[in-house]
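What follows draws every value from the coordinates through simple rules; no lab data is involved. Keep in mind the model is a prediction, meaning the values are calculated, not measured. Cβ: placed from backbone, ideal geometry, glycine included. Neighbour counts: every protein chain shown.
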Amino acid sequence: MSRTAYVNGSYVSHANAHVHIEDRGYQFADGVYEVIAVQGGRLIDSAPHHERLERSLDELKIARPMSRTALDIVLNETVRRNRVKEGIVYLQVTRGVAKRDHAFPKTSVRPAIVVTARPMKAHAPEVISKGVSVITTPDIRWSRCDIKSVSLLPNCLAKQLAKDAGAFEAWQVDQDGFITEGTSTNAWIVDEHGNLITRQLENAILSGITRLVLIDFAHQHQIAVIERKFSVSEAVAASEAFLTSTTSFVMPVVAIDGRQIGEGIPGPTTEKLREIYDKHLNAE
Ligand code: PDD
C-alpha cells in the first residue's frame, strides 16, 4: 500500500514528499516534534501531546501552524489515509524556510509542518516478559531538554551506543551522577516499599506524556510517586526499574550496565503498571 504524508497543506505521496533545502529545521534543527501512539485507529492522549507541542513552540517562539482542531483533523486524516490501526503518527513543525541566517527571519515566515503515520507493532510479549537491559552514558545534551526539539544528535549517538552494547536503551547521566532520562524514554525505579521514583520535571528531561499519564494512574491505584533525582548506584540497587514512552509504553528494565536489578526479572509493581497502561491503551 502506498503511503501518504501531509506536507504544508497537502496530502502527498510519501515517496515524493519533500521540504525546501532552506527549511530551518534542515539547516539548524530549528523545529519541534511529537510522536503520538495510535491504537484501534485512534490517537492516544492527544490532548497532552497538543499541550506539549504548543509549549515547545512557544518556548522557541515558533508560530503555531494551525489551530488544535485543525491539527487534530490532519493527524486523524493522515492516520486514516495510511490505514494505521496500531502504530504512530509523527508530527514535525519547523520555523519555516528562510535565507540561511542564525537569527530568526526578520519578516514572519510560515512554520513548516509535516505529518506522517505508520503501523508499528508493540514490542513482542517475550521482550516484555523478560525485560530489557540499559547502559548508562554521560548526558551530553543541551540544558533545554524540556523542549521536544528535533535536535536529537546526542540522543542518536547514545542510542547507537546502547545498540552496539546489545542494550535496549541508554540512560543518560548528568555531571553529578544522577540519571536524567533515556534517549527517547523516561527512566523510573521502584524502591523496597513499592514507591515509584522518577526524576522531577525540569529542563534536564522531557515531560513524557506516558510519564504524565502513568503518574495519574499510580495515584488512582494508591501507588506513591516520588519525583526526584536518583543516581546510577541507587538504580542498580533498586527493587525494580522500568522505562516509559509512547512507543515502549511501560517496559521493564532488568539490568543496568550488565548489573542485575532485583531478581533480574520484571517486578510486580512494573507488571501492575504495565497492565494498567495496557488497559488504558485499549479502553480509549
Ligand atoms: N520520544 N524522553 C525523551 C528524550 C524522548 O524523546 C521521549 C519520547 C520521552 C518519552 O515521552 P513520551 O512518553 O511522550 O513518548 C522521554 C519519542 C517517542 C521519540 O523521539 O520517538
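Here are the numbers for this structure:
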read-out	value
The range 135-224: GluC sites (Glu not before Pro) in DSSP coil with no more than 14 other Cβ atoms inside 10 Å	GLU192, GLU202
Estimated inter-spin distance, VAL232 and ASN203, nm [label 7 Å along Cα→Cβ]	2.5
Fewest-first ranking of GLU51, GLU263, using other Cβ atoms within 10 Å as the exposure measure	GLU263, GLU51
Spatial separation of Cα centroids for the range 138-206 and the range 210-263, in angstrom	12
Extension gain from ASN282 to GLN27, taking 0.36 nm per residue of separation minus the Cα-Cα distance	87.8 nm
Net charge dipole size for the range 1-137 [Lys, Arg +1 and Asp, Glu -1 on Cβ; Debye, nearest 20]	300
Loop-located trypsin sites (Lys or Arg not before Pro) in the range 57-152, at most 16 other Cβ atoms within 10 Å (DSSP)	LYS61, ARG83, LYS85, LYS99, ARG100, LYS106, LYS121, ARG144
Contact order relative to length of the range 80-200, as percent, for alpha carbon pairs under 8 angstrom and 6 or more apart	18
Equivalent-ellipsoid semi-axes of the range 34-172, from the Cα gyration tensor, Å, largest first	29, 24, 12
Under 14 Å, Cβ to Cβ, from TYR6 - net charge with Lys/Arg +1 and Asp/Glu -1	+1
Qualifying chymotrypsin sites (Phe, Trp or Tyr not before Pro) for the range 13-69 [loop in DSSP, other Cβ within 10 Å: at most 16]	none
The chain, relative contact order [Cα under 8 Å, separation at least 6], %	17
Diffusion coefficient, µm² s⁻¹, Stokes-Einstein with Kirkwood Rh over alpha-carbon pairs of the range 102-179 at 37 °C and 0.692 mPa s	206
Cα shape, the chain, gyration tensor, a/c 1.5 rule	prolate
In nm, spacing of pseudo-spin labels at THR107 and ALA122 (7 Å Cα→C-beta vector)	5.1
Length released on extending from LYS130 to HIS14, taking residue separation times 0.36 nm less the Cα-Cα span	38.1 nm
Size descriptor, Kirkwood hydrodynamic radius, that averages inverse alpha-carbon separations across the range 167-284, Å	14.1
For the chain, calculated [θ]222 nm from helices alone, where every DSSP H run of n ≥ 4 adds -39500 (n - 2.57)	-9000 deg cm²/dmol
